[in-house]
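Have a look at the structure below, then the notes.
The values are calculated or read from the model by the stated rules, or taken from the named source; none is laboratory data. Since this is a predicted model, take the numbers as computed values, not measurements. Every residue, glycine as well, gets a Cβ built from its backbone with ideal geometry; the counts of neighbours run over all protein chains shown. Ligands, DNA and RNA are excluded from the accessible area calculation, which covers all protein heavy atoms including side chains. Shrake-Rupley method; radii C 1.70, N 1.55, O 1.52, S 1.80 Å.
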Amino acid sequence: MVFDIWAAIIIGIVEGLTEFLPVSSTGHMILTSDLLQVEETNETVKIFEVVIQLGAILAVVILYWRRLLRLFGIRNANAAASAKGGMNLIHILLAIVPAMIFGYLLHGFIKEVLFSPETVLVGLVLGGVFLILGEKQHPKIEAETIDQITYRQAIFVGISQILSLWPGFSRSGATIAGGMLAGVSRAAAADFTFIIAIPVMIAASAYDLYKGYHLLSASDIPLFAAGFVVSFVVALLAVFTFIRLVQKLSLVYFAYYRFLLAIIFAVYMIVF
């Protein structure tokens, strides 16, 4: 199948539905692209898969806009009182810098070697194991809310996020489970995960566009625009339900889903 407007819409829907769940939106997009047989335009698709995540991230910006304003010192009196000593930009930097450094250093290897269905299946399984570890082995909760997260815990989340550079592992899965292993509640870890996703995805998308813009042409603009808009609309419709789901539902269920998906797709690859 040629990478056309319909493929762009389908991949955009998949991104919007999976971005807020610890199941790896990137992994799902790679598997979907393989099912649609659009790998012959692989370089364009790789860039597309990263850029349309900005559509889903925009939904997070809308959801957390008050919290984002508070990070930059823009708050009302009630928010100022409640946020005193809470999460700040240092927490964000500690949580995003490790993955951004490794992502920059390993960018070529990740794009050229790890963006394949086979490596995604490995990531799905390993990420599922990490989710179970975070759910079953987490210590006593020290941070019930996002404003109680310490710098130490933010660093641990940042180190955990490095694991998500492997497609299929899941950025949200790695950071939520990592946060829980550091003593953060599931709800607070989920909130923190979605907030730190904003700068990470903006930086990743900007870098991929910078590295690959010469591979694109004017004819790609409608495809990218369609994927972006569809991803944003679907994510906006799903964000409230899915964020509450991630905050309350045990990570073990998401791990089981990942294992099942890996098995089904492995069988599909062997048979077809």
E144 versus L209, label points 7 Å from Cα toward the beta carbon: distance in nm? 4.2 nm
Among A262, L114, F156, the residue whose Cα sits farthest towards the positive end of the charge dipole of the chain, when +1 is placed on the Cβ of each Lys and Arg and -1 on the Cβ of each Asp and Glu, is F156
Ranked from the most accessible area to the least, with a 1.4 Å probe and all protein chains present, what is the order of R152, R171? R152, R171
Cut-off under 5 Å, modelled amide H: who pairs with M87 long-range: D147
Computed label-point distance, nm, for sites E43 and L237 using a 7 Å Cα→Cβ extension: 3.5 nm
What helix-only [θ] at 222 nm does the chain give? Using -39500 (n - 2.57) per DSSP H run of at least 4, over all residues, to the nearest 500, the answer is -23500 deg cm²/dmol
Carbon and sulfur %, accessible surface of the chain computed with the full protein complex present, 1.4 Å: 71 percent
Give the calculated FRET efficiency between V252 and W6 to the nearest 0.05, with a Förster radius of 22 Å applied to their Cβ-Cβ distance. 0.05
In whole Hz and in residue order, list the ³J(HN,Hα) couplings for the stretch 159-167 that follow from phi through the Karplus curve 6.51 cos²θ - 1.76 cosθ + 1.60, θ = phi - 60°; x for Gly and Pro. 5, 5, 5, 4, 4, 6, 5, 7, x
Excluding same-chain pairs closer than 8 in sequence, count the lysine pairs in the chain whose Cα atoms lie under 18 Å apart. 5
Note to self: with every protein chain in place and a 1.4 Å probe, the chain gives an accessible area per residue in Å² of 46 Å²
